[in-house]
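Novice: Pasting a structure here, questions to come.
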């Protein structure tokens, strides 16, 4: 800065101009990140970008949550509310509630349950993976991961529109009860969507983080135990979280949350209640006998009843009774029936009996009693059902249930805070998160042993890798000591005795991976003179709760030969130097070839990704065409209207007006006859042609609008500059801080600018409004800028 002041005024201005140009042409960097709270029925999207803190991204309907639904048509796709609109008319082409069948084999009870709920879909077994796919047509079929990938890609588009920049990095929520196969399925879907997943965060952990971040000041060294009870559309989870400050080497004392206990019910949620209501409404319709057909066999009618049941459940949370009604339910027959809250509660009595279950499991996990829980906080839309709250309040034995967080958006906001923390583009206040693995994982292997009588037997061994509720991310190493040749070991789940028989069936395979090691024997032979330290398998439970086998190595130690000494050096050795010294050893480590065989659910192949990308490209083409079509329609209509406005009539000749009017009329007729079927390129060309024709007219109108403000701004700068110059010249020479060169430069610029302004205004007055204006805004700014910069640098000097 000092050296900048030492150069001449001309050099200063030149440097300033170069700086302004550099800033103007600096590339903008995409640093925004997003979160997706991926529920079974709804998703909430949040973003963080520079200048905009955590914020929920609105969808195209300006709503804060979006249905997790995709509609597949022959040549297009619809998402969210648009897809739900089609579901009532044609449920066969709309796919939703996909979360429950992710990472599941075809024989899983939840797959059968899904087929029962949505019989309109053709679900078939994938013989290669053992999972299911949806048969859309003879040519097209989609896996649940691919359909979810489409939805995640749509969520990314919503986030980008809201942030007004590209976004690739995301944190996505998943249920805490998701196992390894289910987590991998979500990651695969995100990969299909082109998202870089910074982390899969458990939804209960995201809620807990959101709660803690906004109560940072209340967290101290005394542990606070909070239970979050989250009942959503598809499942219910109770989570016990401990908040307290801890000391860290990196950043001193910081707040921390630790997941202490988790209890869940995979199928207890609002959707099951809505299905009960739907079936009840169907029964009421059949009892009226206005139609000879059974409404339950009409897929379209059942879709209408489900939509009404969803509305009815919400209304009955605030009212004792309500009238359900649907126009033209089936065969043009209207349906109307009164449903009371007591009837609804009777339908769901067995569901309400299951409400305390997750609470008991969470307490057992954490080895706590309700007396140690400071408060119970409600999360999730289905906790608004009065009976749920009544049963839960009785189960926890508290005076009240807390409702001091946003039950719908807490997970999305917690996840986006984590996204900002993980992104290199943002710096947020540290909040330590110690999540916990709900399911234990162990390593199993068999080894030949010799009994005392000399008989050799195979002994099966198990070693716990991660215990139940073990914190993660975490790395572990398992050492195999007695193997000298190639062998096989298995990665499986540990004791799942805490799960019910039904939960075990839904859980799926308890075997994760078969690991085949090759090259063990050759590695040891290569270093036969070294002492074996075993074979070390390095595991990592990453931030997403996904187990990864990083590498396997043989470890050995080899004694190094002592340095030989000369005869003279031996003679000089002191007595104490003659004592034997510990021998130095050199560590030897060599990678082993690892072969992995997945035993739970194979990841989907990438063979069909080209088909998926083709659909995405088609969507983008459709969106672009619609945008250009709308722009062309609007341009024709608005410009035709402008030609009747005085400010436009004043700047066009009769000949020019006639030409523009004729072209607009011609374009309007073309739109009616051909335009709505035209391609994107043709529409773009038509719009470009009309804009070029009207460019001069728009320019003249815009310039005339801005003249008064531009002239006033320039006059203001000139007046202030003149006063400044006069006052500076009155300063005595002994106190003068400005050089004569600077003052003369300013005086010259002021005079030149005044002359230019007066001449330009005079020339403009001679011109007709229909001619190209002499006064233009782009000529005013450099003049005003020059005067302002000279004054600025003079004052700095």
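The values are calculated or read from the model by the stated rules, or taken from the named source; none is laboratory data. All values reported here derive from a predicted model rather than from experimental measurement. Note that each Cβ is placed from the backbone with ideal geometry, even for glycine, and that neighbours are counted across all protein chains shown.
Novice: Out of all the residues in region 741-761, is one or more over 58 Å from the mean Cα position of the chain (by Cα), surrounded by 12 or more Cβ atoms within 10 Å (Cβ to Cβ), modelled with pLDDT under 85 and assigned to a helix (DSSP H, G or I)?
Specialist: The answer is yes, given that some residue of region 741-761 is over 58 Å from the mean Cα position of the chain (by Cα), surrounded by 12 or more Cβ atoms within 10 Å (Cβ to Cβ), modelled with pLDDT under 85 and assigned to a helix (DSSP H, G or I).
Novice: Scan region 289-310 residue by residue and report those that are free of Cβ contacts under 8 Å to residues at least 12 places away in the same chain and in a helix (DSSP H, G or I).
Specialist: Selection gives 297 alone.
Novice: Considering only strands (runs of 3 or more DSSP E) fully contained in region 49-100, which possess at least 2 residues that are touching a helix residue (DSSP H, G or I) at 6+ places or on another chain (Cβ under 7 Å) and more than 15 Å from residue 39 (Cβ to Cβ)?
Specialist: 69-72, 77-79, 94-96
Novice: Being more than 16 Å from residue 43 (Cα to Cα) and either surrounded by fewer than 23 Cβ atoms within 10 Å (Cβ to Cβ) or modelled with pLDDT of 95 or more (or both): is that true of residue 171 here?
Specialist: No.
Novice: Is it the case that residue 233 is within 30 Å of residue 53 (Cα to Cα) and buried (at least 18 other Cβ atoms within 10 Å of the Cβ)?
Specialist: yes
Novice: Which pairs turn up if I take residues in region 438-457 that are under 13 Å from residue 491 (Cα atoms) and assigned by TED's automatic domain parsing to the domain that holds residue 545 and look for partners that are at pLDDT below 90 and in a strand (DSSP E or B) with beta carbon separation below 7 Å, at least 6 apart in sequence or on another chain?
Specialist: From residues that are under 13 Å from residue 491 (Cα atoms) and assigned by TED's automatic domain parsing to the domain that holds residue 545, the pairs are 444/460; 446/458; 446/459; 446/460.
Novice: When you look at residue 427, is it surrounded by fewer than 18 Cβ atoms within 10 Å (Cβ to Cβ), in a strand (DSSP E or B) and free of Cβ contacts under 8 Å to residues at least 40 places away in the same chain, yes or no?
Specialist: no
Novice: Here are 351, 329: which of them is modelled with pLDDT under 95 and surrounded by 21 or more Cβ atoms within 10 Å (Cβ to Cβ)?
Specialist: 329
Novice: Considering only region 184-222, state which residues are out of contact with any helix residue (DSSP H, G or I) (no Cβ under 7 Å at 6 or more places or on another chain), under 27 Å from residue 129 (Cβ atoms) and either buried (at least 21 other Cβ atoms within 10 Å of the Cβ) or not assigned by TED's automatic domain parsing to the domain that holds residue 148 (or both).
Specialist: Correct list: 184, 186, 202.
Novice: A further question follows. Residue 487: within 21 Å of residue 555 (Cα to Cα), crowded, with 17+ Cβ neighbours inside 10 Å and touching a helix residue (DSSP H, G or I) at 6+ places or on another chain (Cβ under 8 Å), yes or no?
Specialist: Criteria met by residue 487.
Novice: Going by the structure shown, is residue 468 surrounded by fewer than 13 Cβ atoms within 10 Å (Cβ to Cβ), closer than 23 Å to residue 260 by Cα and under 33 Å from the mean Cα position of the chain (by Cα)?
Specialist: no
Novice: Among the numbered criteria (1) modelled with pLDDT under 90; (2) under 17 Å from residue 381 (Cβ atoms), which single criterion is violated by residue 66?
Specialist: The single condition residue 66 does not satisfy is (1).
Novice: With outside any helix (DSSP H, G or I) and either at pLDDT below 85 or surrounded by 14 or more Cβ atoms within 10 Å (Cβ to Cβ) (or both) as the only criterion, which of 738, 724 stands out?
Specialist: 738 is the lone residue from the list that is outside any helix (DSSP H, G or I) and either at pLDDT below 85 or surrounded by 14 or more Cβ atoms within 10 Å (Cβ to Cβ) (or both).
Novice: Hey, among the residues in region 518-532 that are assigned to a strand (DSSP E or B) and modelled with pLDDT under 85, which one's farthest from residue 554 (Cα to Cα)?
Specialist: Top of the filtered list is 531.
Novice: Quick one: which of 228, 271 is in contact with a strand residue (DSSP E or B) (Cβ under 7 Å, 6 or more places away or on another chain), outside any loop (DSSP other than H, G, I, E, B) and within 29 Å of residue 345 (Cβ to Cβ)?
Specialist: None of the others qualify; the one that does is 228.
Novice: What number of residues within region 674-688 are part of a helix (DSSP H, G or I) and either in contact with a helix residue (DSSP H, G or I) (Cβ under 8 Å, 6 or more places away or on another chain) or more than 28 Å from residue 649 (Cα to Cα) (or both)?
Specialist: 10
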